[in-house]
Amino acid sequence: VPLPAGLSPAEAMAVGTAGYTAMLCIMALERHGIAPERGPVVVTGAAGGVGSVAVSILSKLGYHVVASTGRPEQAQFLRDLGAAEIIDRAELAGPARPLGKERWAGGVDAVGSHTLANVLSMTAYGGAVAACGLAGGMDLPTSVAPFILRGVSLLGIDSVMAPREIRLEAWRRIAADLDQSKLSALTTTIPFDGIIDAAHDIVEGKVRGRLVVEM
């Protein structure tokens, strides 16, 4: 895939697989008709790689973004990226009811398990959720209620085998719809000899946004 006009190599690496996946999620929501006027969109794992890019792009496109995070110290960081509301991930962590109060028109989920089940149960009639990750687990302990009573759609996002045409469109959209100042704000550059320490920090949930390795 060629580097799109308007992105430097360093910026493309800051976007990385996570940001590219976030764009695939947003494109899927758009294809399903989830526009800003439909209502809020929730982003889980909002301070992570997928989440931080999703928050940035969605806010620039005019969506009311609800950012879910387990790190309250990152609330201002998420607001700076464009989040309109911050919720504690604990609200979505327990066993989901078959149906909850309708809170959002759509969502981008990188967590899975109980979190995705709760997001689905709280999605408004005719809404959709794009699922691309399993940070919280591969299981999905939900019921058919959101799908058959509210017409909610679960959109599976695969970044690995996506057709070339979709890849090209995703990167073109990233260059157009991701505010480069926000990309810079969510990116940290580390030296090559810092990779091992950074890997431990990622596993322990201590990293926000994206890391770029200076080779």
Out of G62, A22, F192, whose Cα points farthest toward the positive end of the dipole of the chain (charges: +1 Lys, Arg; -1 Asp, Glu; placed on Cβ)?
G62
Alpha carbon centre of region 5-79 versus region 106-146: separation in Å?
16 Å
Stokes-Einstein at 4 °C, 1.567 mPa s, Kirkwood radius from Cα pairs: D for region 34-132 in µm² s⁻¹?
100 µm²/s
Less than 18 Å apart at the alpha-carbon level, and either on another chain or at least 8 residues along: which lysines does that give for K60?
K182
In the P(r) worked out for region 75-141, what percent of Cα pairs fall beyond 15 Å?
54 percent
Using only the Cα atoms of region 125-199, construct the convex hull and provide its projected area averaged over every direction, in square nanometres to one decimal.
8.5 nm²
Accessible area, probe 1.4 Å, largest first, for residues F192, F147, F77:
F192, F147, F77
Tell me, what is the 1.4 Å probe accessible area of R172, in Å² to the nearest 10?
130 Å²
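State the volume of the convex hull built on the alpha-carbon positions of region 176-215, expressed per residue in Å³ and rounded to an integer.
Spelled out: Cα convex hull of region 176-215, divided by residues, is 73 Å³.
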Dividing the alpha-carbon Rg of region 79-215 by 2.2 N^0.38 Å yields what?
1.23
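State to the nearest 20 debye the size of the charge dipole of region 117-181 about its Cα centre, where the only charges are +1 on K and R beta carbons and -1 on D and E beta carbons.
Dipole size: approximately 100 debye.
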Can you sort M23, M122 by solvent-accessible area, 1.4 Å probe, largest first?
M122, M23
With a 1.4 Å probe and every protein chain left in place, tell me how much accessible area K206 has, in Å² to the nearest 10.
130 Å²
Accessible-area order (highest first, 1.4 angstrom probe) of the listed residues I195, I34:
I195, I34
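The values are calculated or read from the model by the stated rules, or taken from the named source; none is laboratory data. Just so it is clear, the structure is predicted and the values come from calculations on it, not from any experiment. Ideal geometry is used to build each Cβ from the backbone, glycine not excepted, and the neighbour counts take in all protein chains shown. When the accessible area is computed, the model is the full protein with side chains, heavy atoms only, and any ligands, DNA or RNA have been set aside. Shrake-Rupley method; radii C 1.70, N 1.55, O 1.52, S 1.80 Å.
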